[in-house]
Amino acid sequence: MGAEAQQLLGAEAQQLLGAEAQQLLGAEAQQLLGAEAQQR
């Protein structure tokens, strides 16, 4: 049970962190690209 529970929790944690990371990176990327586009 311990190993299975760890795998399940690990997968969920990765999904949650992945989604947050994507949002953060997406927002930063948009800002950077937007700033570059404005400069050109």
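Go through the residues of the stretch 1-13 one by one and say whether even a single one is surrounded by fewer than 10 Cβ atoms within 10 Å (Cβ to Cβ) and not in a helix (DSSP H, G or I).
Residues of the stretch 1-13 surrounded by fewer than 10 Cβ atoms within 10 Å (Cβ to Cβ): 1-5.
Within this subset, residues satisfying the condition of being not in a helix (DSSP H, G or I) are 1.
Yes - at least one qualifying residue is present in the stretch 1-13.
Scanning the stretch 7-40 for residues that are more than 21 Å from the chain's Cα centre (by Cα) and of a type outside the set (Asp, Glu), we see that the one that is modelled with the lowest pLDDT is Arg40.
The values are calculated or read from the model by the stated rules, or taken from the named source; none is laboratory data. Keep in mind that what you see is a predicted model, and the values were worked out from it rather than measured. So basically every Cβ, Gly included, is an ideal-geometry build from the backbone, and we count neighbours across all protein chains shown.
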